[in-house]
Structure formats: structure tokens, C-alpha cells
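Q: Handing you a structure now.
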Amino acid sequence: MVKTRFAPSPTGFLHIGGARTALFSWLTARSSGGQFVLRIEDTDQQRSKQEYLDEILDSLTWLGFDWDEIFYQSKRFDIYRGYADTLIKKGLAFQQDGAIFIKYNFETIKINDSIRGEIIFQELPKSEDVIIKSDGFPTYNFACVIDDALMGINRVVRGEDHISNTPKQILMYQALGFEVPLFAHLPLIHSEGGGRMSKRFGATSIREYRDLGYLPKALINYLLLLGWSPGDNREIISLDDARKSFNLEKVAKTPAAFSMDKLNWVNGQYIKDSNSEDLAVYTKEFLTKNNFITEEVPLEYIEKVVNLYKQRLTKLSDLLDWSRFCFYDDYDYLPESGEVLSNDITNYIAALIDVLSELTDFNALTIEEKFRALAKDLGIKPGVLVHPVRVALTGGKTGPGLFETMDLLGKSGVVNRLNRLIAYWAKPKADEGE
């Protein structure tokens, strides 16, 4: 049975690179009906924090991962010390100045990496290394080897930055009499222009992507594309589908380039394809968390707002910029809005108010029908009315479909906002006559 692990350190939040490693490790296990272990490497007591641990666990759950077991290295110090003492008794380690050192008996080491093929290590930089520090804490490589062996990890999926640790760890496996697992070292993720990722180019935590309104399934889909492809030129693939076809040997050997544009496109596809009811639930949670709306806003209304913008959204945070008028009518008119106003226009709007007030079936279809009929009666093109009405309803000259917007706001909401615009236009004129 295949058994893999993801071993984050709670000294920081979960970032894109770590999340992709977790994903590929999880898929390696689940694609073969195996087990996935979560191991918290919290031996750095000074830098490890509960808030980081909470965020890591929360982010992994949000992304859709599950695990069969969870371990904490901070609770296993006696185990590490016991194996260090065993090495001392075997003459393979020694104690000096309060620390315990392992003695390497190095020969050429070859591994068959599942991604990179054969890797040959010709030498080590030194012949001995600390495995238990003077404070009693194990070093990374020693604890990692013991844990992987005792937890039955037989596939180690990790970043290529760990390649240099591999020969030391293999020698430790051999010294302790453990079976060496198969390794797969993932290429790093670079920024779109090449080089290491930075805050500006994608190297933010999973929590920050969540706070920006990315959907977990979309983010997982994009992580999949960073080094792996489902084939057939497909770019949209669910985690369940990926689990059926994932294979480490198909992971690219070259670094993947992180693209915010591509992530936004993938997220936009998931928004468009989402069930409106489900998306409304997620959107309400998002908007409430951002103090944009209160819990009292009906879910049915949120669903209407979602449908109004669904085809244009790339992430839910777009709604924070675009949809305030859907929930509040205390907005200011944008400065350029005055360009579409005149005395004639306000007269037209007054006529529109009369027409709309008589409508009994207030929906986008009947609104558009009456709107166009009024424009014809007034001897103007419908476009002459569109911009000023949009200004009245939203405060600006751009926005979603006008008739769908009117449908969303309802008859009283639309009439009140049209009257408000007339009052706004009339007030300066009245002030000039004083």
C-alpha cells in the first residue's frame, strides 16, 4: 500500500508551494487507494506558533484534503533520543559537548527519483553531523528519517530544495536498519518572469487567496496545472477526476511558472460553472466576513446579485468594488455622471417613473419592453435613457445589464433611486436662483 505524508512546519502560513506539495503527495496516495499522513514538524519551539498551525490545518481542510493520521514531532522527542542512543551503542554515533553526532560511512549513492529519474550523489560535504542538539532537540534530517520509517511512509514527495538532504537521509536509513522509501522531488514554482516567487508574484498564503475570494476547487485546479497536466489539452479538472489519473512520473521536471492571469481565468471558470445556490451560500459567507453585508440579507437576494455578476467575476472580492449599490443606496454619484444629465433627461426619467410605477409584473423582460416603448414615444433612442438611469441606480456610468439590475432592485428601489437623481439634479438649479 502506498503511504505518503505532508510535513509542514508551523513557523509560517501555508503558501502556494507547500499547498502544491501537499496536493501531489495526497494524490499519490489517494490515486492508488493508499494513505496520507499529516506530520507537524514543530521542533523549532521559538518560531512555531499556534496561529500558524491553526491556519495550516484550516487551509488544508478548506482546499479539500483529508488525512488518515496526524503526528506532532514535539511529542516524539523520546523516540528520537532512543534511536540516537542505539546508534551510539552500535558505534555509528558519538556524544560530544552535549550533542550527538552521527558518523557517515559514505559511498556513491544512487536513487531513482519518480520525477527526475536517476540521481547520483558522489560525495558529502562532511563525514559527521549533529542528530540531537545540545538542547535535546533532534535535527531535521534525523527526525524526518525516523518518522518516515516508523509511520510507514514509502513514497516521499517534496520540493527539489530537499535533494541535498537525500544522501544524508539515506545513510541514516541504512544506519538505523530502515527501508529507504521512493523519492519524488518536485521542481520549484517560479514567478511568471522567472526566478523565485515573491509577494508581488503569487507567493502569498493560502489564507490570503481565500480572503480575496478564490474558490478552493479553482485554486486546487490551478495548483494541479503547476507541473502536471490531465492531457487532451484540458485545463479544468476536478480533484476527484485528477485522483483517477494522477501519476508522479507525468510531473514536469522543469520549474512551473505561476501566473495570476491564469489563476484568475481558472477561478472565473469555476464561478461561471458553479451552481448559483451553492455560490450564493459561499458568497454570503465571504461578504459577511468582510463586513460588507449583515447576516440579515436574504440568501435569495444574494443569489440574484451573484447571477447579475456571475459571467464577469474572476474572484469574489470583485463584488466588494462592484456591487455596493446592490445593498446600499447612500452612494455618491461619480463626478463624470453629470455629463449624462440635463433638464430634458430628468423629464424623461420622470416619465419613466410613471411607466414603471404602473407595472404589475416587474421583471427584466417587461421592464425592457416598457423602457423601449417609452423611448419610442419620446422620440429618442433607448441609449439616451440608459446612461442616466444607470447613474441613478448605481452611481456610475458602467455596470451589469440595466434591466437585470432594475429587476434585482425591485420596483420601489428603482423608483426611489430615480426620484433621488431628479432631486439631486434639481437642487443645484434651485440654489442658483436663491
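No value in this document is a laboratory result; all are computed from the given coordinates. Quick caveat: nothing in here was measured; it's all calculated off a predicted structure. In this analysis, Cβ positions are derived from the backbone assuming ideal geometry, glycine residues included, and neighbour counts consider all displayed protein chains.
Q: Could you give the semi-axes, largest first, of the ellipsoid that matches region 335-432, computed as the square roots of 5 times the alpha carbon gyration tensor eigenvalues and rounded to whole Å?
A: Values for region 335-432, descending: 21, 14, 13 Å.
Q: Can I ask one more? If R₀ is 25 angstrom, what is the calculated FRET efficiency for the pair ILE119 and ARG47, using the beta carbon separation as r and rounding to 0.05?
A: My answer for the efficiency is 0.25.
Q: Around PRO10, under 13 Å between beta carbons, what's the net of Lys plus Arg minus Asp minus Glu among the other residues?
A: With Lys, Arg at +1 and Asp, Glu at -1, the neighbours total -4.
Q: So, counting K/R as plus one and D/E as minus one, what does the shell of residues with Cβ under 12 Å around LEU365 add up to?
A: Overall, the nearby charge balance is -3.
Q: Putting +1 on Lys and Arg Cβ atoms and -1 on Asp and Glu Cβ atoms, find which of GLN95, VAL130, LEU57 reaches farthest to the positive end of the dipole of region 30-130.
A: GLN95
Q: Can you list the aspartates and glutamates whose alpha carbon is less than 12 Å from that of LYS110, not counting same-chain residues fewer than 8 positions off?
A: GLU118, GLU123
Q: Which three extents, in angstrom, do the Cα atoms of the chain have along their principal axes, listed largest first?
A: 101, 49, 36
Q: Rounded, prolate or oblate: pick one for region 275-322, where a ≥ b ≥ c are the square roots of the eigenvalues of its C-alpha gyration tensor, a/c under 1.5 means rounded, and failing that, prolate if a/b is larger than b/c, else oblate.
A: Judged from the Cα gyration tensor, region 275-322 comes out oblate (a/c at least 1.5, b/c at or above a/b).
Q: Excluding residues fewer than 8 places away in the same chain, name every one of the lysines whose C-alpha is closer than 27 Å to that of LYS217.
A: LYS3, LYS199, LYS244, LYS250, LYS253, LYS262, LYS272, LYS284, LYS289, LYS304, LYS310, LYS315
Q: Quick one: what Rg and Dmax do you get for region 24-159 from the alpha carbons, in Å?
A: Computed over the Cα atoms of region 24-159, radius of gyration and Dmax are 17.2, 48 Å.
Q: Moving on to the next point. Got the relative contact order for the chain handy, in percent, Cα pairs under 8 Å and 6 or more residues apart? Please list the in-between numbers first.
A: Values: 628 pairs, mean separation 55.0, N = 434.
The value is 13 percent.
Q: Also, quick follow-up: Give the long-range amide H neighbours of ILE132: residues separated by 5 or more places, or on another chain, with amide H under 5 Å away, using H modelled in the peptide plane at 1.01 Å from N.
A: The list, which skips near neighbours in sequence, is ILE100, THR139.
Q: Would you mind counting up the charge near GLY268? Only other residues with Cβ under 11 Å from its Cβ, with Lys and Arg at +1 and Asp and Glu at -1.
A: +2
Q: In addition: Would you work out if region 221-333 is rounded, prolate or oblate? Take a ≥ b ≥ c from the square roots of the eigenvalues of the alpha-carbon gyration tensor; rounded if a/c is under 1.5, else prolate when a/b is larger than b/c, oblate otherwise.
A: prolate
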